[in-house]
1. Could you list, in sequence order, all residues of segment 218-254 that are outside any helix (DSSP H, G or I) and surrounded by 15 or more Cβ atoms within 10 Å (Cβ to Cβ)?
2. Taking segment 27-54 only, how many residues are closer than 22 Å to A82 by Cα and charged (D, E, K, R)?
3. So, in segment 19-61, of the ones that are of a type in the set (D, E) and over 18 Å from the mean Cα position of the chain (by Cα), which residue ends up farthest from T171 (Cα to Cα)?
4. Could you please find all residues in segment 185-205 being aliphatic (A, V, I, L, M) and more than 18 Å from the chain's Cα centre (by Cα)?
5. When segment 62-77 is examined, which residues are found to be within 22 Å of K42 (Cα to Cα) and under 22 Å from the mean Cα position of the chain (by Cα)?
6. How many residues are within 30 Å of H181 (Cβ to Cβ) and among the hydrophobic types (A, V, I, L, M, F, W, C) if we restrict to segment 207-239?
7. Every residue in segment 144-178 that is assigned to a strand (DSSP E or B) and either modelled with pLDDT under 95 or closer than 14 Å to V212 by Cα (or both), please.
8. From R109, R26, grab the single residue that is surrounded by fewer than 23 Cβ atoms within 10 Å (Cβ to Cβ) and in contact with a helix residue (DSSP H, G or I) (Cβ under 8 Å, 6 or more places away or on another chain).
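The values are calculated or read from the model by the stated rules, or taken from the named source; none is laboratory data. All figures in this text were calculated on a predicted structure; none of them were measured in a lab. All Cβ positions, even for glycine, are placed from backbone atoms using ideal geometry, and neighbour counts span all protein chains on display.
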Amino acid sequence: MGRLLIAGMIVGLSLLSTQARSDCGRVYSMAHSGDYVPYQYKDKDGSLVGLDVDIVQAVMVTMGCGLELREIPPKRAQRLLATGGLDLMAAASLTPQRQDFAYFSRPYRDERVVMFVSQGRYSTLKDLTLADAVDQGYRIAAGVGGWYGPEYGNLKDRALKAGVLKLNSSTAQRIRMLLAHRVDIVVADLYVGYHHAILEGKAADITELPHVLNSDPVHFMLSRKTNTADQVEAFNKALSKVLMSESYRGLIRKYIPESG
């Protein structure tokens, strides 16, 4: 697809996955979960990729630093971060317990839970809330055991009792159900839903409704054992520069199609 050509705007990022010597004098080690689509996952060649990787690579370019990606499960990665065996983790929610062993960057994205609908039905459904959807009998699909925020949590039992909510364990399957008009609404993380639509080659066929079910900011965590406050400040300055850049807006269009 043409929108994927925008990846070329992020010049030289792939060079940062090595441990080559860097202008800032260090190589940051960052944990990568390997299975957190589309934020941190493996591509068909087994390379560690994803939106979080693209963002941190752009930060490293701005700082003149190197980056080493290490595939480590999240719980073990937090232990390594606490002991200085790892410099950096992505996609972290800020908690007092984590602040004992990590600095937190400024928020760099929101994890937003939205309601996806078919593009052709957007004008009809654009003012819909989840309560409206349940009360009006729209067919809704969501994940088994997924946390989609308090609004969904408060309505889940009512939707199940009304027979309008279908649960399964595959976001890919739910997006295919929406594309096939077997459900009216899919509840999912914004980037995750679009990722699976892009894989189907039909990203233009779905869209999210304006009503957001939940939104939580996420941060990078930097180990207090391997980073100083000055280094965290430099990281934040570089991150702010990246997030305000035209290249970043182009990067995001890899993951979320432009409307219209």
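1. Correct list: V218, H219, F220, M221, L222, S223, R224, K225, T226, N227, S245.
2. Total satisfying the criteria: 1.
3. D23
4. I185, A204
5. L67, E68, L69, R70, E71, I72, P73, P74, K75, R76, A77
6. Result for segment 207-239: 3.
7. N168
8. Of R109, R26, the one residue that is surrounded by fewer than 23 Cβ atoms within 10 Å (Cβ to Cβ) and in contact with a helix residue (DSSP H, G or I) (Cβ under 8 Å, 6 or more places away or on another chain) is R109.
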